[in-house]
Amino acid sequence: MAINKTLLSNGAEGLFIKNSRFKTTLVTVNFYLPLNRKKVASYALLPFMLTTCSKRYPDFSKLNFKLSKLYGAELMASAEKIGDYQLLKMGVAVIGDKYTLDGEQLTAEAVALLNELIFEPKAENGEFCELDLEREKRKAIEHIKGDFAEKRIYSKTRLIEEMYKDSPYGISKCGTIEDVTAITGKSLYSAWEEMLKTAYIRVNVIGDTLPSGLFDTLSQRLDGIDRSGVIDLNNTDLSVPANKVNTVVETEELSQGKLCMGFTFSKNGDDNNTADMLVCSDIFGGGPYSKLFTNVREKMSLCYYCAARSVRIKGLLTVESGVQKENCDKAQKAILEELLKLQNGDISESEFNSSILGITDSLNTYNDSNTTLEGWYSTRIGDGDILSPEEFAEKIKAVTKEQVVEVAKGIKLHTVFKLLPKEEK
């Protein structure tokens with residue numbers, strides 16, 4: 001898979017990922033901004049606001065008609081969190097030009113539409129339309145409420161908030177209901193202007209060919225904006241070990257408790273130096289062959305699920321489990337015992353080989369969809385060398401058991417969050 005990078009403007013780059021497996025071309029414009037508690041909700045709303053209308057297409061019916069003329073092209077929008085940064089994504093997927101009936105250049109037309117949505121929003125006198133804004137605010141609030149109602153998501157969110165109270169990483173990627181409610185048409189317009197001026201921008205193009213002039217048109221758009229204050233992408237901090245383990249307990253009316261544990265690694269970084277971290281967390285709690293699954297869940301029956309996940313850019317390891325209240329402390333103790341085994345080098349050949357095979361098989365699936373492949377590259381921002389999933393798989397294969405043990409020794413428990421059923425009266 002060939003990858004070509006092009007400088008578009010100050011703090012803006014284009015990445016063409018050639019992949020002939022797909023009959024569609026996916027183009028995304030990704031804006032990276034520092035997580036800021038006062039601005040996070042407004043920024044998170046922008047991708048959804050901008051991809052529903054524009055000056056030329058002031059309502060969704062007209063926009064949808066335009067998309068249908070582009071052979072059913074699809075728009076996408078999301079707001080995510082990568083390290084200490086917020087990622088705002090807007091994109092369009094359209095059938096590749098060589099598959100059109102009469103040789104139409106649909107990709108260029110679809111990108112022109114995406115540019116209009118981003119750079120020419122439906123706004124007057126420095127304000128977004130109030131009716132459109134209220135619609136998107138309602139949707140954003142429902143999303144936040146949904147995350148609160150899903151206790152697995154809520155517990156993980158609370159763990160991260162507690163671990164990173166004084167750090168940008170502790171900020172929710174969408175803000176709070178109060179934050180969203182306070183957004184006005186004028187404040188959102190100001191956020192849009194600031195996004196265009198200060199965000200680091202990555203344009204990802206995934207398809208068989210790079211349409212002629214695609215990056216040039218984006219460069220021209222950016223040339224008309226003062227981007228002298230573009231943010232620095234290299235400010236994500238390593239997670240710092242705690243002097244004392246912090247335990248937070250909340251109770252609610254629920255039947256199944258949640259136990260979330262946050263650990264720090266002694267390292268972080270890009271794919272070139274964190275393959276051992278991924279293998280370590282995977283052996284610990286990544287798959288059905290892992291220590292947490294086979295021992296804590298299956299043999300000891302202490303939880304309904306028990307899984308570990310690592311965040312390479314932060315040097316973070318989390319363990320999430322669903323437990324009965326009476327088993328919560330037992331499960332916590334058992335999880336720490338499995339970690340100690342890992343740190344002492346108690347890793348079987350089956351565990352190690354299954355992990356390497358499981359991770360590499362998972363990496364191969366990124367090529368099954370241009371959306372998942374784009375997700376891979378949009379999270380590889382600020383890396384020195386951008387590795388493809390296949391290249392990272394080779395890094396995984398080169399990891400040794402000794403490296404896994406060494407990185408495991410640097411894992412320290414930081415915070416424990418428990419969401420437990422209320423006592424019966």
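The values are calculated or read from the model by the stated rules, or taken from the named source; none is laboratory data. Owing to the predicted nature of the structure, the values given are computational and were not obtained by experimental measurement. Quick reminder, even Gly has a Cβ in these numbers, built from the backbone with ideal geometry, and neighbours come from all protein chains shown. When the accessible area is computed, the model is the full protein with side chains, heavy atoms only, and any ligands, DNA or RNA have been set aside. Shrake-Rupley method; radii C 1.70, N 1.55, O 1.52, S 1.80 Å.
Could you give every pair whose Cβ atoms fall below 7 Å, whose first residue belongs to region 246-269 and is touching a residue at least 60 places away in the same chain (Cβ under 8 Å) and over 19 Å from LEU339 (Cβ atoms), and whose second residue is in a loop (DSSP other than H, G, I, E, B) and hydroxyl-bearing (Ser, Thr, Tyr), counting only separations of at least 6 or pairs across chains?
GLN256/TYR304
Go through region 10-34 residue by residue and tally those that are small (Gly, Ala, Ser), open to solvent by 10 Å² or more (accessible area, probe 1.4 Å) and on the phi < 0 side of the Ramachandran plot.
Selection size over region 10-34: 1.
Would region 104-127 turn up any residue that is closer than 27 Å to THR318 by Cα and surrounded by 16 or more Cβ atoms within 10 Å (Cβ to Cβ)?
Looking through region 104-127, none of the residues is closer than 27 Å to THR318 by Cα and surrounded by 16 or more Cβ atoms within 10 Å (Cβ to Cβ).
For residues that are closer than 20 Å to PHE60 by Cβ and in a strand (DSSP E or B), scanning just region 89-126, find the one that is farthest from the chain's Cα centre (by Cα).
GLU124
With the structure loaded, tell me whether ASN30 is part of a strand (DSSP E or B), under 17 Å from GLU390 (Cβ atoms), touching a residue at least 24 places away in the same chain (Cβ under 8 Å) and not acidic (Asp, Glu) or whether it fails that test.
In short, no.
I'm checking my understanding of the structure. Among residues of region 336-354 that are of a type in the set (S, T, N, Q) and assigned to a helix (DSSP H, G or I), which one is surrounded by the fewest Cβ atoms within 10 Å (Cβ to Cβ)?
The extreme case among them is SER350.
Just to check your reading of the model, which residue among SER355, SER350, SER301 is polar (S, T, N, Q) and touching a helix residue (DSSP H, G or I) at 6+ places or on another chain (Cβ under 8 Å)?
Step by step, each of SER355, SER350, SER301 is checked, and only SER355 is polar (S, T, N, Q) and touching a helix residue (DSSP H, G or I) at 6+ places or on another chain (Cβ under 8 Å).
Look at ALA93 and say whether it is among the hydrophobic types (A, V, I, L, M, F, W, C) and open to solvent by less than 10 Å² (accessible area, probe 1.4 Å).
Answer is no for this residue.
For (1) touching a helix residue (DSSP H, G or I) at 6+ places or on another chain (Cβ under 9 Å); (2) among the basic types (Lys, Arg); (3) closer than 18 Å to LEU50 by Cα, each residue gets a yes or a no:
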site	(1), (2), (3)
GLU127	yes, no, yes
GLU142	no, no, no
ASP147	yes, no, no
MET163	yes, no, no
THR184	yes, no, yes
SER190	yes, no, yes
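Those residues that are among the charged types (D, E, K, R), in a strand (DSSP E or B) and either crowded, with 24+ Cβ neighbours inside 10 Å or in contact with a Pro (Cβ under 7 Å, 6 or more places away or on another chain) (or both), I need them from region 299-335; list them, please.
Passing the criteria: none in range.
When you look at LYS81, is it open to solvent by 50 Å² or more (accessible area, probe 1.4 Å), in a strand (DSSP E or B) and of a type in the set (D, E, K, R), yes or no?
Yes: the conditions hold for LYS81.
Residues of region 140-160 being open to solvent by 50 Å² or more (accessible area, probe 1.4 Å) and either hydrophobic (A, V, I, L, M, F, W, C) or in contact with a Leu (Cβ under 8 Å, 6 or more places away or on another chain) (or both), which ones?
PHE148, ALA149, ILE153
Scan region 53-77 for residues that are surrounded by fewer than 18 Cβ atoms within 10 Å (Cβ to Cβ) and hydroxyl-bearing (Ser, Thr, Tyr) and jot them down.
Result: SER61, SER68, TYR71.
Kindly indicate the residue of region 288-309 that is touching a Leu at 6+ places or on another chain (Cβ under 7 Å) and in contact (Cβ under 8 Å) with a residue 40 or more places away in the chain and also nearest to ALA408 (Cα to Cα) among those meeting that condition.
Filtering region 288-309 for residues that are touching a Leu at 6+ places or on another chain (Cβ under 7 Å) and in contact (Cβ under 8 Å) with a residue 40 or more places away in the chain, the one nearest to ALA408 (Cα to Cα) comes out as LYS291.
Check region 270-283 and report whether any residue there is touching a helix residue (DSSP H, G or I) at 6+ places or on another chain (Cβ under 6 Å), closer than 21 Å to ILE153 by Cα and either at pLDDT 95 or above or outside any loop (DSSP other than H, G, I, E, B) (or both).
yes
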